[in-house]
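**Student:** Here it is: the structure, laid out below.
The values are calculated or read from the model by the stated rules, or taken from the named source; none is laboratory data. As the structure is a prediction and not an experimental result, all values here were calculated from the model. Counting neighbours? That spans all protein chains shown, and the Cβs are built from the backbone with ideal geometry, glycine included. Just so you know, the surface numbers come from the protein's heavy atoms only, side chains and all, with ligands and any DNA or RNA stripped out. Shrake-Rupley method; radii C 1.70, N 1.55, O 1.52, S 1.80 Å.
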Amino acid sequence: MRLSHALIPTLKQTPAEAQIASHRLMLRAGLVRQTAAGIYAWLPAGWRVLQNISRIVREEQDRAGAQEMLMPTLQTADLWRESGRYDAYGPEMLRIRDRHERDLLYGPTNEEMITDLARSAIQSYRELPQILYHIQWKFRDEVRPRFGVMRGREFLMKDAYSFDVDYEGALVSYRRMMLAYLRTFQRLGLRAIPMLADTGPIGGDLSHEFIVLAPTGESQVFYDSDFETFDFEKSEFRYDDPSDLERLHALINGYYAATSEKHDEARWEQVPAARRREGRGIEVGQIFYFGRKYSDPMKFGVAGPNGTMITPEMGSYGIGVSRLVGAIIEASHDEAGIIWPDSVAPFRAAILNLRVGEATCDHLAETLYAKFAGAALLDDRDERAGAKFADADLMGHPWQIIVGPKSAAAGRVELKRRGTGERFDLSLDDALARLL
Ligand code: 5CA
């Protein structure tokens, strides 16, 4: 993308309405614009980040054996009357009436709809277990939308739903998602700590929330820092081995981690003082086992082995995809701007042409830009070098490739690593070899 013709409206001033770093930086770096309270348009750079996060979430869901599908945003009220949640959900639900006076709603979550789809398509216990997911916009009419995309009204969620014949099976599905989540967050450059949680309006009796540490987080958290040393991405846990998954669950339960209701002072005291971490956290995902809470009232039965009917056991598993953009920035920024982890950055590198119009600089910058095939942003604006440096730092590209007249004449460029500030003076070929 060429910055001179890109809709990436960076701001020099700090927007007054933004109270936290990620919200300020998302507006200043031109990632999003608010179109109504708690509702955001994703501009090109922001949309690329959202797509990168979705891709990683998707790859890890697929690896765990979940099947991707897409359910609509609008749902009929009748489905929610069946489960009993239509009235219970309260004013957070956006209720809509169509031209035929039928009650609809903009989905805040999809337990009812997926149960309805499953009951019409799954007949026998032999077809279970199944895990289905989609990445779709949700609407919750939050009383106080705030902190930008962190607590929006319209937000992007990955929600998965599992169906099993019995409790043991449901527990395996739950643990598979637990492993998928730990791997997903690690690939996103985050440490998300799983904590036992309350189930709220989703219901059920087993739930973990995944919490990223950040000073602006909404919950107070306590955890054992030993958890941070575990490498889940490379771990040998296997999705198809229930005893492996049980070991994982035991490992998670073995580390102390709790939010302030759930905090247990006596157990906390047993964690060695040097390993006790206390702070605030952002919930980026939550998983629930809720058994037959929906399959029972919605009369979802499958044929069992000997003519009996089985009511499937269910769980649901959410990741706040759009919230993650804010959470990643909260966890990774400095005074100058965002520091994107490589895995989610909108552009792998920015090519800063410091002398637009000068033949050698233009040639070198264009040659580099072509090699990146869309993965780099070319700053070809007629701007001062200082403005280009400041914007590149603000936007947080993992690498900056600086093309200045002196080095360009010698066929060389300067590379800057955003996260560490390291600089390298390299030939064009060496720079490309390093980044591509
Ligand atoms: N049906 C279940 C799991 S699929 C469910 O809805 N879970 S949830 O309520 O915990 O939401 C899942 C995730 O969505 C949360 O962990 C959070 O990261 C994100 N989320 C929830 N509300 C908002 C909001 N108002 N703005 C942005 N993200 C949100």
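**Student:** Counting only protein chains, not ligands or nucleic acids, how are ASP425, ASP342, ASP205 ordered by accessible area (probe 1.4 Å), most first?
**Tutor:** Descending order: ASP205, ASP425, ASP342.
**Student:** If you don't mind, there's one more thing I want to ask. Restrict the search to the range 93-131; then list the trypsin sites (Lys or Arg not before Pro) that DSSP places in a loop and that have at most 10 other Cβ atoms within 10 Å of their Cβ.
**Tutor:** Answer by residue number: ARG99.
**Student:** Here's a follow-up. With every protein chain kept in place and ligands, DNA and RNA left out, what is the accessible area per residue of the range 349-435? Probe 1.4 Å, answer in Å².
**Tutor:** Solvent-accessible surface per residue comes out at 43 Å².
**Student:** Can you give the local net charge around ILE401? Use residues other than it whose beta-carbon is closer than 9 angstrom to its beta-carbon, Lys and Arg +1, Asp and Glu -1.
**Tutor:** Net local charge, ILE401 excluded: 0.
**Student:** Using a cut-off of 15 Å between alpha-carbon atoms, which aspartates and glutamates can reach LYS158, once sequence neighbours fewer than 8 places away in the same chain are excluded?
**Tutor:** Leaving aside aspartates and glutamates fewer than 8 places away in the same chain, those within reach of LYS158 are GLU59, GLU60, ASP62, GLU68, GLU111, GLU209, GLU283.
**Student:** Label the range 349-435 by shape, choosing from rounded, prolate and oblate, from the square roots a ≥ b ≥ c of the eigenvalues of the Cα gyration tensor; if a/c is under 1.5 it is rounded, and otherwise prolate applies when a/b is larger than b/c, oblate when it is not.
**Tutor:** Verdict is rounded for the range 349-435.
**Student:** Now for a different question. Keeping all protein chains in place and using 1.4 angstrom, which order do MET298, MET1 fall into by accessible surface area, from largest down?
**Tutor:** MET1, MET298
**Student:** Using only the heavy atoms of the protein chains and a 1.4 Å probe, how would HIS5, HIS134 rank by accessible area, largest first?
**Tutor:** HIS5, HIS134
**Student:** Let me ask something additional. Please enumerate, by chain and number, the lysines with C-alpha under 19 Å from the C-alpha of LYS416, excluding those fewer than 8 residues away in the same chain.
**Tutor:** Candidates past the 8-residue exclusion: LYS371, LYS388, LYS406.
**Student:** Divide the volume of the convex hull of the Cα atoms of the range 181-262 by its number of residues and quote the answer in cubic angstrom per residue.
**Tutor:** Spread over its residues, the Cα hull of the range 181-262 gives 121 Å³ apiece.
**Student:** Next question. Using the basic label-point model (7 angstrom from Cα toward the beta carbon), what is the THR73 to LYS406 distance in nanometres?
**Tutor:** The answer from the label model is 5.3 nm.
**Student:** Now for a different question. Can you give the FRET efficiency for GLN220 and HIS100, using 1/(1 + (r/R0)^6), R0 = 41 Å, r = Cβ-Cβ distance, to the nearest 0.05?
**Tutor:** Step by step, r from the Cβ atoms, then E = 0.25.
**Student:** Here is a further query. At a probe size of 1.4 Å, how large is the accessible area of MET150, to the nearest 10 Å²?
**Tutor:** 20 Å²
**Student:** So, one more: Using modelled amide H (1.01 Å from N, peptide plane; none on Pro or chain starts), what sits under 5 Å from the amide H of LEU206, excluding residues fewer than 5 places away?
**Tutor:** Distant-sequence amide H within range of LEU206: TYR289.
**Student:** Please turn the phi angles of the range 256-262 into ³J(HN,Hα) values with the Karplus equation 6.51 cos²θ - 1.76 cosθ + 1.60 (θ = phi - 60°), one per residue in order, whole Hz, x for glycine and proline.
**Tutor:** Those phi angles translate into 6, 7, 7, 8, 4, 6, 7 Hz.
**Student:** Just to be sure I understand the model, the point goes 7 Å from the Cα along the line to the Cβ. What's the resulting GLU127 to TYR239 distance in nm?
**Tutor:** 2.1 nm
**Student:** Please find, in a Gaussian network model of the chain (springs between Cα atoms separated by less than 10 Å), the residue of GLN270, GLN34, GLN75 whose mean-square fluctuation is greatest.
**Tutor:** Of GLN270, GLN34, GLN75, the most mobile in the Gaussian network model is GLN270.
**Student:** Right, next: Name the residues whose placed amide hydrogens come within less than 5 Å of the amide hydrogen of GLY315, ignoring near sequence neighbours (fewer than 5 apart) on the same chain.
**Tutor:** Residues meeting the criterion, in which the H sits 1.01 Å from N, are SER162, PHE290.
**Student:** Placing +1 on the Cβ of each Lys and Arg and -1 on the Cβ of each Asp and Glu in the chain, which of PRO297, VAL356, SER83 has its Cα farthest towards the positive end of the resulting dipole?
**Tutor:** The listed residue farthest towards the positive side: VAL356.
**Student:** Using the crude model of +1 on Lys and Arg Cβ and -1 on Asp and Glu Cβ, and no other charge, please compute the dipole size for the range 349-435 relative to its Cα centre, in debye to 20.
**Tutor:** Approximately 220 debye in magnitude.
**Student:** Quick one: accessible surface of ARG55, probe radius 1.4 Å, all protein chains present, in square angstrom to the nearest 10.
**Tutor:** 90 Å²
**Student:** Let me cross-check ILE401: its accessible surface, 1.4 Å probe, with only protein heavy atoms counted, in Å² to the nearest 10?
**Tutor:** Accessible area of ILE401: about 0 Å².
**Student:** Name the residue, out of GLY304, GLY315, GLY204, whose mean-square fluctuation peaks in a Gaussian network model built on the chain with Cα pairs under 10 Å.
**Tutor:** So, out of GLY304, GLY315, GLY204, the one fluctuating most is GLY304.
**Student:** Residues with amide H under 5 Å of VAL221's amide H, sequence separation 5 or more or different chain, H placed in the peptide plane at 1.01 Å from N; which?
**Tutor:** For VAL221, the qualifying residues are GLY279, ARG280, GLY281.
**Student:** With the Cα gyration tensor of the range 333-400 giving a ≥ b ≥ c as the square roots of its eigenvalues, does the rule (a/c under 1.5 for rounded; else a/b larger than b/c for prolate; else oblate) give rounded, prolate or oblate?
**Tutor:** Verdict is oblate for the range 333-400.
**Student:** What dipole magnitude, in Debye to the nearest 20, does the chain give about its Cα centre under +1 on Lys/Arg Cβ and -1 on Asp/Glu Cβ?
**Tutor:** For this selection, approximately 1160 debye.
**Student:** Starting from the Cα-Cα distance between ALA16 and GLU422, subtract it from 0.36 nm times their residue separation and give me the gain in nm to one decimal.
**Tutor:** Here the answer is 142.9 nm.
**Student:** ³J(HN,Hα) across the range 407-419 via Karplus (A = 6.51, B = -1.76, C = 1.60, θ = phi - 60°), whole Hz, x for Gly/Pro?
**Tutor:** Once θ is set to phi - 60°, the couplings for the range 407-419 become 5, 4, 4, 8, x, 10, 9, 10, 9, 10, 8, 4, x Hz.
**Student:** For the range 21-338, rounded, prolate or oblate, judged on the Cα gyration tensor with a ≥ b ≥ c (square roots of eigenvalues), a/c < 1.5 rounded, else prolate if a/b > b/c?
**Tutor:** Oblate shape, in that a/c is at least 1.5 and b/c is the bigger or equal ratio.
**Student:** What's the carbon and sulfur percent of the chain's accessible surface, probe 1.4 angstrom, rounded to a whole number?
**Tutor:** 49 percent
**Student:** Can you compute the helix-only [θ] at 222 nm over the chain? Use -39500 (n - 2.57) per DSSP H run of at least 4 residues, normalise by all residues, nearest 500 deg cm²/dmol.
**Tutor:** Mean residue ellipticity, 222 nm, calculated: -9500 deg cm²/dmol.
**Student:** Can you compute the FRET efficiency between GLU228 and GLN270 using 1/(1 + (r/R0)^6), with r the Cβ-Cβ distance and R0 = 22 Å? Round to the nearest 0.05.
**Tutor:** 0.75
**Student:** Taking the range 200-240, which GluC sites (Glu not before Pro) meet the DSSP loop condition and have no more than 16 other C-beta atoms within 10 Å?
**Tutor:** Sites meeting the loop and neighbour criteria: GLU218, GLU233, GLU236.
**Student:** Under 10 Å, Cα contacts only: if you run a Gaussian network model on the chain, which one of GLN61, GLN136, GLN286 comes out with the highest mean-square fluctuation?
**Tutor:** GLN136
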